[in-house]
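The values are calculated or read from the model by the stated rules, or taken from the named source; none is laboratory data. What you see is a predicted model, and the numbers here were worked out from it, not measured in a lab. Using ideal geometry, Cβ is built from the backbone for each residue, glycine included, and neighbour counts are taken over all protein chains shown. Surface areas here come from the heavy atoms of the whole protein model, side chains and all, with no ligands, DNA or RNA. Shrake-Rupley method; radii C 1.70, N 1.55, O 1.52, S 1.80 Å.
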Amino acid sequence: MPHKIGFTVISWSGHEGNYSAKKLMVHAPTVSGWRSTRFCPFPQEIILQLVERCCIRKLQLLAHQYLIPSKIEFHIGDRLPESSSPQQTHNLHRLGYVSLSDNEKTGFRARELKSVHVDAVGSYLKLTFHRNHVNQYNSYNQVALVALNILGDPVDGNEIGTALSKDQLIDQYLNNSLYSSALDGTYTGYKCDSISPLDDLAFDMYQDPEVAHIIRLLDQKKQDMVREERFELAKKLKQAIADLQKVGERLGRYDVEKHSAIEREDYDTAKQKKEQLEAYRLTVYQQLELHDLLDISQDTSEAASPKHTVAPTPLTPPHFPKIDVSIDVHRINNHIRKRKYDVIVLMCYFSLPYDERPLPALRKRSSDQPVSELDEMPPLTDTATPCSPGAAGQPEPLTEKAQREASLPIDICGDSLVAGAYSKTWSYREDALLTVYKKLLEVPSGTPKAELRSMTRAAVFLCKKALTDKVSSVFLASLNLLRMILSEFIPNHQLGKSEISHCVEQTWNNLLSRTGESTLRLRTLAITFIQEMALFKEVRALQMVPVELVRPMQSSAPTRLALSRLELLEKLLEQLGTKDSGFTLDNVMRFLAGGLEHSAASVRELSVRVVQAMYHLHGKAVLNYLPPDDTSTRKNVLYKNLFDSLAKLDGNTINTQKPQKGAEKGDGEKEKEEIRSLQEQLAVLKEISVDDAGAVLYSLCIFCGERDESFTEDGLDLHYWKHCPMLQRCLQCRQVVEIASLTEHLLTECERRADFTQCPLCSEALTRDKLTEHAQSAACNRESLCGCSVFVSCSSRKHTQCCYKCDTRVQN
């Protein structure tokens with residue numbers, strides 16, 4: 001039976017940084033594989049030496065998502081080629097090549113797993129990588145390979161044929177019905193070309209290495225139990241393997257998230273993921289009674305008669321993680337003893353029926369903390385105590401209310417599947433969606449249209465419910481199902497626009513609400529999917545997404561939701577335009593009018609940017625939807641800057657290039673510029689400070705309210721320059737601005753605005769390198785200073801300020 005063949009990488013053309021070809025010898029969720037040098041010459045080569053001479057049956061290659069070679073060529077042989085030999089090409093036999101997809105269809109987000117079936121004998125394998133596919137992300141024309149798996153049979157050094165020996169034929173005859181699939185436990189008989197799912201590359205790339213090793217051990221013990229006809233123990237081991245598979249995938253995902261946080265230097269998240277991983281591993285090991293399973297299987301294998309024992313296939317070739325299971329079990333028991341009280345409390349808690357469990361105390365979560373799958377961990381089971389219905393391997397029965405509202409899905413999909421979709425356990429909900437996905441893909445083309453429509457509506461109903469799920473894997477499964485329904489199922493079966501319309505209408509509100517999530521990952525998933533959905537051919541023709549997206553927005557709408565809608569509008573305007581797309585000048589500008597009046601500065605700023613984009617498309621027609629450009633309107637800094645920017649778009653360009661080093665202006669020239677700037681500002685201030693009779697109120701400072709007879713034209717100039725507590729000189733560009741608008745100045749007007757960013761907690765403008773330190777300090781004021789929730793920042797924090805949004809005076 002073909003199995004994994006270990007190998008050693010002995011030479012390669014070159015690599016970038018830490019992406020050595022040696023990493024191809026390890027299979028795990030966090031591996032990065034090999035990557036060529038930047039602007040490398042082609043072809044690139046990697047030569048492998050197999051741990052034993054073998055007949056290769058299958059090669060599996062996992063490609064990078066965007067560093068993709070156009071094709072990979074394979075050579076095999078029994079002698080290593082010598083670079084100095086002119087006959088080196090005769091040492092290795094060419095097998096052929098495989099072409100790889102350019103990956104444009106997936107948007108360079110997925111990795112292609114290529115399987116190549118071969119029948120060749122040798123000890124050395126050479127991979128030749130040809131020129132890369134060109135795309136926007138591969139700036140240095142590199143190629144890469146994330147993982148490589150070799151499956152085959154060892155052959156005798158003197159025999160090239162694959163004929164079975166006499167002992168092998170006898171063993172095959174006697175044990176023909178005893179070989180079974182490692183994952184499902186069914187008896188399929190011995191097949192020379194069959195390959196265990198445990199040896200498949202996908203198994204190791206998604207499984208936690210420790211759990212994968214334990215699964216292989218338990219599978220071998222399961223085979224021993226079958227041979228000894230101890231079927232109860234075999235059944236118990238089979239169930240443990242099935243449960244451990246899901247556990248291993250979950251732990252692998254946690255490990256990937258932990259490494260991703262480390263790369264971002266987000267060590268708080270990395271620590272959280274590490275603790276989450278360890279807690280989940282401990283709880284599940286306790287639940288599965290892993291220690292007892294291993295002890296039982298080890299004892300029975302030792303007590304078994306040698307004549308009934310078949311020598312197991314080695315489970316730890318060089319590229320497998322070598323783990324001493326006895327040490328692991330000892331470590332598990334030590335953890336359990338240390339947390340004995342916690343385990344007892346958890347077992348008592350989960351042994352109660354779900355409705356009778358006490359409500360946990362509310363815990364304060366940070367706004368960006370994701371919902372953990374541990375919050376919905378499968379219940380701990382104990383054979384000595386009665387458990388809730390959902391803890392026995394099946395989802396809990398549907399309530400009467402659920403049966404009424406899900407009558408259509410129940411008729412189409414059955415009670416058990418819908419019960420899984422309504423289960424309080426997240427893994428059942430995810431499995432239900434995956435099952436629906438699979439069933440829809442398998443529907444034959446000749447199915448009656450009425451039945452197809454019922455299937456579609458049942459799937460949409462379950463999808464709509466899952467779109468509100470707090471567990472990320474369930475939410476992602478619902479997006480995948482919705483994507484398949486819109487882009488494949490309905491078009492392929494020609495169900496028409498009515499089903500597309502029904503699907504979008506039913507799911508839109510739930511989908512849009514997820515764009516306001518506090519968890520960045522979920523919010524990004526929702527935004528990306530809506531953008532993708534709007535571009536589907538069938539959905540685009542109905543123009544539903546643009547029309548729904550620009551429905552009028554209230555000034556008090558949640559900030560994250562408003563930002564997401566504006567972000568989507570900006571992207572889709574660029575892709576769809578305003579001609580026959582659902583976007584019109586009228587509906588877009590009415591939507592943006594609400595954004596310009598929003599209470600959050602970040603929403604207003606993004607609205608300004610989209611207004612400018614609309615001005616590019618429609619010119620001065622945009623001004624009909626804005627307040628009149630007069631003195632009263634220009635008192636609002638937002639509209640003043642907006643109108644100035646629109647005027648520049650009409651052709652009044654300015655030189656925005658930064659001065660070169662060594663060409664800085666002298667102090668005297670800078671002072672002249674500052675004085676000239678102040679005089680221009682003073683001219684505006686004069687215009688603003690005219691009273692009803694037309695007299696100029698020189699004796700009053702309109703910013704701080706101070707009256708003084710010395711405030712003549714020159715006196716006010718001096719007051720504005722040096723003494724007014726409501727004005728401040730920008731330390732970056734030396735321009736005098738209102739303290740209330742200093743933040744906006746630093747972010748949008750200042751010469752060094754590229755160096756600044758806005759704190760998401762208090763909205764203050766800070767240099768990018770000080771943002772993290774500021775957010776963790778007491779200086780970060782998270783509370784609004786006035787009733788309209790507009791934060792007015794002041795770097796000195798000692799002035800009485802006036803909110804430019806509602807004119808409320810506040811004290812820092």
Inset, instruction - Would you kindly identify the helices (runs of 4 or more DSSP H) lying entirely within region 544-610 that contain at least 3 residues that are in contact (Cβ under 8 Å) with a residue 40 or more places away in the chain and among the charged types (D, E, K, R)? - result: 559-576
Inset, instruction - Check whether at least one residue in region 293-315 is hydroxyl-bearing (Ser, Thr, Tyr), modelled with pLDDT of 50 or more and within 22 Å of VAL26 (Cβ to Cβ), and report yes or no. - result: no
Inset, instruction - Report the residue count in region 439-493 for those that are farther than 14 Å from PHE529 by Cα and of a type in the set (Phe, Trp, Tyr). - result: 2
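Of the residues that sit in region 725-740 and are at pLDDT 80 or above and in a loop (DSSP other than H, G, I, E, B), which one is surrounded by the fewest Cβ atoms within 10 Å (Cβ to Cβ)?
Looking only at region 725-740, we keep the residues that are at pLDDT 80 or above, and these are 725-733, 735-739.
After this cut, where a residue has to be in a loop (DSSP other than H, G, I, E, B) as well, the list is 725-726, 730-733, 735.
Values: PRO725: 16, MET726: 19, CYS730: 16, LEU731: 11, GLN732: 15, CYS733: 17, GLN735: 17.
Filtering first and then ranking leaves LEU731.
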Inset, instruction - Scan region 628-643 residue by residue and report those that are within 20 Å of THR743 (Cβ to Cβ), open to solvent by 50 Å² or more (accessible area, probe 1.4 Å) and in a helix (DSSP H, G or I). - result: ARG634, LYS640
Inset, instruction - Determine which member of the set SER115, SER83, SER70 is at pLDDT 90 or above and either open to solvent by 70 Å² or more (accessible area, probe 1.4 Å) or of a type in the set (Ser, Thr, Tyr) (or both). - result: SER70
Legend entry - Residue in region 176-217 that is farthest from the chain's Cα centre (by Cα), counting only those that are among the aromatic types (Phe, Trp, Tyr) and modelled with pLDDT of 50 or more: PHE203
Inset, instruction - Please tell me if LEU125 is touching a residue at least 12 places away in the same chain (Cβ under 8 Å), surrounded by 19 or more Cβ atoms within 10 Å (Cβ to Cβ) and out of contact with any helix residue (DSSP H, G or I) (no Cβ under 8 Å at 6 or more places or on another chain). - result: yes
Legend entry - Of residues in region 469-526 being of a type in the set (S, T, N, Q) and either outside the structural domain of ARG560 (by the TED database) or in a loop (DSSP other than H, G, I, E, B) (or both), the one farthest from the chain's Cα centre (by Cα): GLN494
